[in-house]
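Computed from the coordinates by the stated procedures, all read-outs in this text should not be read as laboratory data. Source: prediction; values computed, not measured. Cβ placement follows ideal geometry from the backbone for every residue including glycine, while neighbour counts extend to all protein chains displayed.
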Amino acid sequence: MEKSFDSQDKIKDAKIIFVVGGPGSGKGTQCERIVAKYGYTHLSSGDLLRAEVASGSDRGKQLQAIMQKGELVPLDTVLDMIKDAMIAKADVSKGFLIDGYPREVKQGEEFEKKIGKPCLLLYVDAKSETMVKRLLKRGETSGRSDDNEETIKKRLDLYYKATEPVIAFYESRGIVKKVDSELPVDEVFVQVSQAIDSLK
Ligand SMILES: Nc1ccn([C@@H]2O[C@H](COP(=O)(O)OP(=O)(O)OP(=O)(O)O)[C@@H](O)[C@H]2O)c(=O)n1
Ligand SMILES: Nc1nc2c(ncn2[C@@H]2O[C@H](COP(=O)(O)OP(=O)(O)O)[C@@H](O)[C@H]2O)c(=O)[nH]1
Ligand SMILES: [Mg+2]
């Protein structure tokens, strides 16, 4: 008990950035650039889940079935994974990029209760046709079982239904910065850099 309080303490004051956008909008691509320029720690909730699937564990098998359908895995599962990953990096991290989370308002609320408040929500915006095109292209090489036409459609629907309200929720708090991910990667990153530089 004592120990878990200690480790939680380590991330209490961490700089936290939520990176939110539709599937294939370019979140991972921009996060890679941010890591290179600012040295933040990138935690993709999807990557953490895929690592669990790759481990072949029973839990991984359950996750795989959910992700294959484009549905959301139980909130606590993802949140615990993110929290453990943050604690593991707390001593060396200048800040955390939480990519692909929160997927719904409730996930944001739980994150704040258990971990802390974000100082910025980076909203990576692209048109749905653009996202579909990018995901189909990525699917040619990604090996991701959810990068297929049917699952992409479900992921997009769920994004508009569950995740867009997350953006509105944080708009009201004044911490949303939207970047236009229709532009070439370098130009998107100029906007991303401005958003990060404006943090104190
Ligand atoms: N917080 C999260 C993150 C991911 N997932 C599950 O993991 C899948 C893949 O997530 P992710 O890698 O974040 O996918 P996308 O946002 O669609 O795009 P990406 O690489 O493509 O970021 C989701 O469809 C969902 O089933 C989830 O349930 N909850
Ligand atoms: N043209 C263009 N392609 C991009 C851009 N950002 C990402 N992509 C491509 O779109 C696909 C999805 O990007 P990714 O970063 O994985 O998106 P995520 O699903 O939001 O994490 C990848 O194949 C990228 O190479 C961009 O700004 N412009
Ligand atoms: Mg990604």
Problem - Complete set of residues in region 137-157 that are within 15 Å of ligand 3 (Cβ to nearest atom) and not hydroxyl-bearing (Ser, Thr, Tyr) - result: LYS137, ARG138, GLY139, GLY143, ARG144, ASP146, ASP147, ILE152, ARG155, LEU156
Exercise for the section: Could you run through region 10-32 and say how many residues are within 15 Å of ligand 1 (Cβ to nearest atom), in a helix (DSSP H, G or I) and touching a residue at least 24 places away in the same chain (Cβ under 8 Å)? Expected result: 5
Problem - Leading residue by the ranking (surrounded by the fewest Cβ atoms within 10 Å (Cβ to Cβ)) among those in region 167-194 that are part of a strand (DSSP E or B) and of a type outside the set (A, V, I, L, M) - result: ASP180
Exercise for the section: Would you check if SER142 is of a type outside the set (Lys, Arg), within 16 Å of ligand 2 (Cβ to nearest atom), in contact (Cβ under 8 Å) with a residue 24 or more places away in the chain and on the phi < 0 side of the Ramachandran plot? Expected result: no
Exercise for the section: From the list LYS69, LYS94, LYS83, LYS113, pick out the single residue that is surrounded by fewer than 16 Cβ atoms within 10 Å (Cβ to Cβ), more than 23 Å from LYS37 (Cβ to Cβ) and touching a residue at least 12 places away in the same chain (Cβ under 8 Å). Expected result: LYS69
Fill in the blank from the handout: In region 130-173, residues that are closer than 27 Å to LEU120 by Cα and of a type in the set (D, E, K, R) total 7
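Pick from ASP147, ASP76: which is part of a loop (DSSP other than H, G, I, E, B), without any contact (Cβ under 8 Å) to a residue 40 or more places away in the chain and farther than 22 Å from TYR40 by Cα?
Working: ASP76 fails: part of a loop (DSSP other than H, G, I, E, B).
Exactly one residue qualifies, and that residue is ASP147.
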Completion exercise
Among the residues of region 31-50, the number that are surrounded by fewer than 23 Cβ atoms within 10 Å (Cβ to Cβ), of a type outside the set (D, E, K, R) and near ligand 2 (Cβ under 9 Å from one of its atoms) is 2
Exercise for the section: From (1) more than 16 Å from ligand 1 (Cβ to nearest atom); (2) without any contact (Cβ under 8 Å) to a residue 60 or more places away in the chain; (3) under 18 Å from the mean Cα position of the chain (by Cα), pick out the condition that doesn't hold for VAL190. Expected result: (3)
